[in-house]
Amino acid sequence: MPRPSPQTDRVVAVIELLSSGDEGATMTEIARHLSINPATCVHVMAALTSAGVVVREPDRRYHLGPALALPGRLAERRYPLLVAGAVGDGGAVGALRRRLLRLRSRW
């Protein structure tokens, strides 16, 4: 099995954090969530901002950026049951969604 990459883990953690709600997060909140020094977080966020993966709004909060729109649409087409299950978490679709999310966290 390949060795984990701390840098990649940080990028994934930022995307997951910003995907958890629409309120975004400040640099301080992101650094705290990642348990890293804010000086290190600056470089992670600069790379993500440069790629359009995140955007920094005038209120200094980061949000998911436009570079994720196309991959998101492709994922929706590939996993339509996950998208349908996101509307309501009950029933068979919700159970499938939860199962797939648990499996995804293992990869």
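The values are calculated or read from the model by the stated rules, or taken from the named source; none is laboratory data. Nothing here was measured: the structure is a model prediction, and the numbers come from that model. In this analysis, Cβ positions are derived from the backbone assuming ideal geometry, glycine residues included, and neighbour counts consider all displayed protein chains. Only protein heavy atoms, including side chains, enter the accessible area calculation; ligands, DNA and RNA are left aside. Shrake-Rupley method; radii C 1.70, N 1.55, O 1.52, S 1.80 Å.
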FRET efficiency for Ala51 and Met1 from the Cβ-Cβ distance with R0 = 22 Å, rounded to 0.05, comes out at 0.20
Pseudo-spin-label distance Ala13 to His43, built 7 Å along Cα→Cβ, given in nm, is 1.5 nm
At 1.4 Å probe size, with no ligands or nucleic acids counted, give the accessible surface of Glu57 in Å², nearest ten.
80 Å²
Distance in nm between Asp59 and Arg77 label points, each 7 Å along Cα→Cβ, equals 3.4 nm
Of 5-11, 48-54, ordering from highest average Cβ density within 10 Å down gives 48-54, 5-11
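Dipole magnitude of segment 1-81 about its Cα centre, charges +1 at Lys/Arg Cβ and -1 at Asp/Glu Cβ only, in debye to the nearest 20?
Working: 9 positive and 8 negative charges, 56 e Å.
Its charge dipole is roughly 280 debye.
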